[in-house]
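Please read the structure below before turning to the comments.
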Amino acid sequence: MNNQMKEPIHHKTTVSRQQMITTLRRYGIDDEDLLATLREVPRHRFVPENIIHQAYADKALPIREEQTVSQPLIVALMTQAMRLCGSERILEIGTGSGYQAAILSRLCAAVYTVERHPALSQQACSIFEELGYRNIRTKVADGTLGWGGYAPYDGIVVTAGSPKIPDPLVEQLKVGGRMVIPVGDEFAQELTVAEKTDSGVVTQKIGGCRFVKLIGQEAWPE
Ligand code: SAH
């Protein structure tokens, strides 16, 4: 019995989970653990009821508070860039729907995720509970300041577009740790991988993207 049969989807999706995986493979995602996780985590639980039929299409979808759940390809690229081995403690900035945090949580030891909109954070938190994803902690705050209480982190994933890499996030990253963050203006950003070394931060650009704005003290003003 496959997952879809165990957990019936009452609204038929136009693109199946398997088709989503086939598309991601075509775009070069080849990490089998990641692909299995993307197949298994029910994205339809993280999207609004009225567009549930599009849950497995490879596109960003609108959620509440004028925010979006990222396109599966972008979620896959960001997660793959983290090179997780399973023991990491990861900080995510921008919980949104909770989908990216859910994917990360299946591939590492613990996820700490910060969201500025209380309603989004609460909704994501209750989905994590329903799905039994117990290694995710949520917090409502300005994520550009990080989450000092659990720092330092093995990795940081920022899922909103920023004009620069916020200093507090670099401070809360372990030496040897990696951060993935979209850096650019409000219309287009470069997905940037920043590695913290003994002698500073080494960055690498891995592709263009378009995220909603990272709004906070160390990024865009309100
Ligand atoms: N990871 C999310 C993507 C959501 S879109 C998902 O998988 O669905 C980006 C989110 O970042 C939005 O919900 C937005 O409210 C949030 N955000 C923007 N600036 C923020 C900040 N300074 N701190 C925390 N969250 C922020």
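The values are calculated or read from the model by the stated rules, or taken from the named source; none is laboratory data. Small disclaimer: the values here were computed from a predicted structure and weren't measured. Note that we place each Cβ from the backbone using ideal geometry, even for glycine, and neighbour counts take in every protein chain shown. Areas reflect the complete protein model, heavy atoms only, side chains present, ligands, DNA and RNA absent. Shrake-Rupley method; radii C 1.70, N 1.55, O 1.52, S 1.80 Å.
The residue list 171, 130 contains one member that is charged (D, E, K, R) and in contact with a helix residue (DSSP H, G or I) (Cβ under 8 Å, 6 or more places away or on another chain), which is 130.
For the range 112-122, what are the residues that are within 11 Å of the ligand (Cβ to nearest atom), closer than 13 Å to residue 147 by Cβ and either open to solvent by 20 Å² or more (accessible area, probe 1.4 Å) or not in a helix (DSSP H, G or I) (or both)? Explain how you work it out, then say what you get.
Initial filter on the range 112-122 (within 11 Å of the ligand (Cβ to nearest atom)): 113-121.
With closer than 13 Å to residue 147 by Cβ added as a condition, the list becomes 113-116, 121.
Residues satisfying the conditions are 113, 114, 115, 116.
Entry remark, the range 59-79: residues being surrounded by fewer than 18 Cβ atoms within 10 Å (Cβ to Cβ) and more than 9 Å from the ligand (Cβ to nearest atom) number 3 in total. Of the candidates 211, 128, the single residue that is within 13 Å of the ligand (Cβ to nearest atom), touching a Pro at 6+ places or on another chain (Cβ under 9 Å) and modelled with pLDDT of 95 or more is 211. Kindly indicate whether residue 182 is closer than 21 Å to residue 66 by Cβ, modelled with pLDDT of 95 or more and more than 9 Å from the ligand (Cβ to nearest atom). Taking the combined requirement at face value, the residue satisfies it. Counting only residues that are more than 9 Å from the ligand (Cβ to nearest atom) and open to solvent by less than 50 Å² (accessible area, probe 1.4 Å), the range 36-46 holds 6 of them. Residue-level check: of (1) in contact with a helix residue (DSSP H, G or I) (Cβ under 8 Å, 6 or more places away or on another chain); (2) surrounded by fewer than 19 Cβ atoms within 10 Å (Cβ to Cβ), residue 53 misses just (1).
Taking the criterion of being more than 15 Å from residue 94 (Cβ to Cβ) and either small (Gly, Ala, Ser) or open to solvent by 50 Å² or more (accessible area, probe 1.4 Å) (or both), the residues of the range 123-135 that qualify are 126, 129, 130, 132, 134.
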